[in-house]
Structures are given as structure tokens and as C-alpha cells.
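Chemist: First the structure, which I've put down as C-alpha cells, then a few questions once you've had a look.
The values are calculated or read from the model by the stated rules, or taken from the named source; none is laboratory data. None of the values given here were measured: they were computed from a predicted structure. Glycine also receives a Cβ, built like all others from the backbone with ideal geometry; neighbour counts cover every protein chain displayed. Ligands, DNA and RNA are excluded from the accessible area calculation, which covers all protein heavy atoms including side chains. Shrake-Rupley method; radii C 1.70, N 1.55, O 1.52, S 1.80 Å.
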Amino acid sequence: FLMLFPTEISRLLFGGANCGDVCVATISDPLRFYALAIWAAFMGYLLNRMLSALHRPRDIMVATVITVVITIALDLVLLGPMGIAGLALATAIGIVVNALITAAMLRRHMPDLQMMAVGVQQVRLLAAGAVAAAAAFGATQLLDLSPTTAGRAAIVLTLGAVVGALVYLAAARV
């Protein structure tokens with residue numbers, strides 16, 4: 001949702017008298033990158049808690065240190081050419097890297113854990129999300145409303161949310 005409608009969300013939440021078009025554009029670009037990281041953040045948190053339950057704080061610390069170093073390096077590289085959006089992209093990449101490192105560590109400590117089954121389930125959910133996103137985006141394009149006001153942004157977001165949720169629920173059951 002954040003990936004599809006960052007302008008509308010920015011306009012609705014921040015687009016008052018103190019945040020004009022430039023402000024909305026500045027906010028909406030980083031939202032796209034943060035949207036990419038949401039799934040990995042939830043998975044990483046779950047995997048982190050699993051390592052914690054296994055009494056593996058050292059693994060958690062190692063994954064965190066590696067992630068921080070990578071994120072800071074990417075911040076330095078991406079800030080110049082991309083501005084604030086570069087910081088958001090660096091953060092998103094760091095979150096994905098952390099989830100991958102944590103998954104690898106968990107696999108090492110729990111070789112019987114059926115990571116393939118978890119992966120297949122997550123791919124199914126992501127596919128359902130992609131179908132829902134396409135439907136939500138398509139439905140909002142039929143309105144042909146430019147989100148230049150909070151009211152228009154609210155209409156676009158509401159339609160996108162309703163269509164997206166209904167299609168997601170249907171697709172996730174398949």
C-alpha cells in the first residue's frame with residue numbers, strides 16, 4: 001500500500017498548510033523504500049525472537065553489527081545521489097540483509113526447521129499481495145483523480161484499500 005500510494009498517503013497525513021507539493025514529494029519518495037522493507041522487518045523480528053528463545057544473543061548481536069555496518073556504508077554511498085530517499089533505501093536493504101543473516105543463523109541452530117515450507121508460504125502471501133496491489137492500483141486509475149487535495153487522496157486510498165483487501169483475501173485462499 002505504501003509502495004503504490006506514497007503520494008496519497010503523504011498528502012493525507014502531512015499535506016496541510018505547512019507541507020506543500022515539494023514537502024509531499026520529499027516524504028513520498030522514502031515511503032516507497034520503507035514499504036519494501038516492511039515484510040523483511042516482520043520476518044526478521046520473528047527470526048530474531050526465535051534466536052532469542054534459543055538463547056543465542058551472540059548471534060543476534062553479530063547480525064545486528066553486520067547490518068549496522070552495511071546500512072551506514074550504504075547511507076554514505078546513497079545519500080549524495082538520492083538524498084533522503086537514499087537513506088530510506090539503505091535502511092530497507094539493511095533490514096533485508098538482517099533478515100537473511102538471522103535466517104541463516106537460525107537454520108544453523110535448527111536444521112530440522114522447515115525453512116522451505118515457510119518460504120513457500122511467504123511466496124504465496126507475497127504473490128497474493130502482488131495480485132491485490134495490481135487490482136488496487138488498477139481500480140484507482142479508473143477514477144483518474146490526481147491526489148492534489150487531501151479529499152482526493154482519501155478517495156483514492158479508500159478505494160485502493162477496499163479493492164486491495166478484497167482481492168488479497170480471495171487470492172490468499174487460492
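Chemist: Quick check on region 5-129: take the gyration tensor over C-alpha atoms, sort the square-rooted eigenvalues as a ≥ b ≥ c, and tell me if it's rounded (a/c under 1.5), prolate or oblate.
Modeler: Details: a/c = 2.92, a/b = 1.79, b/c = 1.63.
Judged from the Cα gyration tensor, region 5-129 comes out prolate (a/c at least 1.5, a/b above b/c).
Chemist: Work out how much length ALA134 to ARG107 would gain on full extension: take 0.36 nm times their residue separation and subtract the Cα-Cα distance, in nm to one decimal. Numbers along the way, then the final one.
Modeler: Values: separation 27, 0.36 × 27 = 9.72 nm, distance 3.38 nm.
Extra length available between ALA134 and ARG107 comes to 6.3 nm.
Chemist: Mean Kyte-Doolittle hydropathy of 0.5 or higher plus an axial Cα length of 27 Å or more: which whole DSSP H helices in the chain meet both?
Modeler: Values: long enough: 21-53 (47 Å, 0.96); 57-82 (36 Å, 1.71); 84-109 (38 Å, 1.47); 115-143 (42 Å, 1.37); 150-173 (34 Å, 1.61).
Qualifying helices: 21-53, 57-82, 84-109, 115-143, 150-173.
Chemist: Report relative contact order for the chain in percent, whole number only (criteria: Cα-Cα under 8 Å, sequence separation at least 6). Could the numbers behind the result be given before it?
Modeler: On the way: 180 pairs, mean separation 48.2, N = 174.
Over the chain, the number comes to 28 percent.
Chemist: How large is the accessible surface per residue of the chain, computed with a 1.4 Å probe and reported in Å² as a whole number? Intermediate values should be presented prior to the final figure.
Modeler: Values: 10320 Å² over 174 residues.
I get 59 Å² per residue for this part.
Chemist: Pop out the carbon and sulfur fraction of the accessible area of region 51-171 as a percent, whole number, probe 1.4 Å. The partial results should precede the final answer.
Modeler: Details: 5240 of 7070 Å².
In region 51-171, the share of accessible area belonging to carbon and sulfur is 74 percent.
Chemist: Putting +1 on Lys and Arg Cβ atoms and -1 on Asp and Glu Cβ atoms, find which of ALA130, GLY160, PRO81 reaches farthest to the positive end of the dipole of the chain.
Modeler: Going by the Cα projections, it comes out as ALA130.
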